[in-house]
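The values are calculated or read from the model by the stated rules, or taken from the named source; none is laboratory data. These numbers come from a predicted model, not from an experiment. Positions of Cβ are generated from backbone atoms using ideal geometry, with glycine treated the same way; all protein chains shown enter the neighbour counts. Areas reflect the complete protein model, heavy atoms only, side chains present, ligands, DNA and RNA absent. Shrake-Rupley method; radii C 1.70, N 1.55, O 1.52, S 1.80 Å.
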Amino acid sequence: MATSFIRTPRQYEQDCHILHSYFSGNVGAISNKEVVGIFVNRDSNALKLIRQTYSHWYGQDLLQFVPNVQRNNSFARIAYLRMVEPYERDAQLMRHSLFGGSLNLNTLIEVACTRPSSELLQIKHCYQTQYKSDLEKDLTMKINGGFKEILVAVLRSCRNYGSKVDMSLAMCDAKTLYEALESGKNIDQRTIISVLSRRNNGQVRAILSSYKQLYGHELSKSVKRSKCGQFGKELQVVIRCIQHPEKFFAKQLRMKNADGREILIRTVVTRSRIDIKGINKAFATKTGSSLENLVVREFGSSKNKNNDIVVGILVGLIKGG
């Protein structure tokens, strides 16, 4: 849980001293518990102030210690993800997923479909500033098939991030989607894309809820039929992620792949204080085991001393919710 009292500048200075000692290799002067406590108990605003205080006292951005070793050092990766601005972090994830080698479609879906529309707008602006490129155009260039149209539509919808959820409009859109799926031999893809591009993620969730209320089943079930083809399969992935992000993350964590540790770290860090408890529950429902146990299996058996800190931070974030 985040600290419930107001921290003074002197307390931030102490946190900076602990981190400076750790990153400078003077680990004998501090305990693992002190390092773990900073990354578990400080919220994002506190971590931002710690970065500012560190820069003032040591003349260096704290994050400069970690960017070059993130992929080979799990603790450095956690430290970076906890301290960097969320929109900057997600812009980097999108860029790497598009241009970091092979296309990483799951990470693109993760960011586009689980972030609030207000954050998506910040991510797009940061992407433009940092990479001098337009995120929607890059997606269009790198992705083929229905996913291209669907994900670009989701990104465009963030322009309406300030709109409040309108249940009457959601009912109308649900009926529109039903007609697009049911009225002809083929589904009306253009209408579906149009709805997704004009409604922010909160409104889309209301549409999906209204659809089930009106027709007695999830929209994702309607798009499974053969008439919906590959577009239907791709649409199903996206709308399920928007509607049930905790199930999406739990599924990613169950998959066996080379990026398993990265997915575990990123999921716990980015979803702590959001829906990590729901992800833990969804994961346990499918596997009979908890995320805490998964963390211990991944990192607890290693002789690397950093991994004691990694386990402490990840388990602490999961328990803290």
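Against the list (1) at pLDDT 95 or above; (2) in contact with a Pro (Cβ under 9 Å, 6 or more places away or on another chain), the condition Tyr161 fails is (1).
Only one entry in Arg190, Arg266, Arg261, Arg254 is out of contact with any Gly (no Cβ under 9 Å at 6 or more places or on another chain) and under 18 Å from Lys148 (Cα atoms), namely Arg190. Scan Thr107, Thr191 and give me the residue that is of a type in the set (Val, Ile, Thr) and open to solvent by 20 Å² or more (accessible area, probe 1.4 Å). Just one listed residue meets the conditions, Thr191. Across the range 268-315, the qualifying residues are those that are in contact with a Leu (Cβ under 9 Å, 6 or more places away or on another chain) and part of a loop (DSSP other than H, G, I, E, B), and the one among them that is surrounded by the most Cβ atoms within 10 Å (Cβ to Cβ) is Ser272. Scanning the range 73-93 for any residue that is over 30 Å from Asp308 (Cβ atoms), under 14 Å from the mean Cα position of the chain (by Cα) and polar (S, T, N, Q) turns up nothing.
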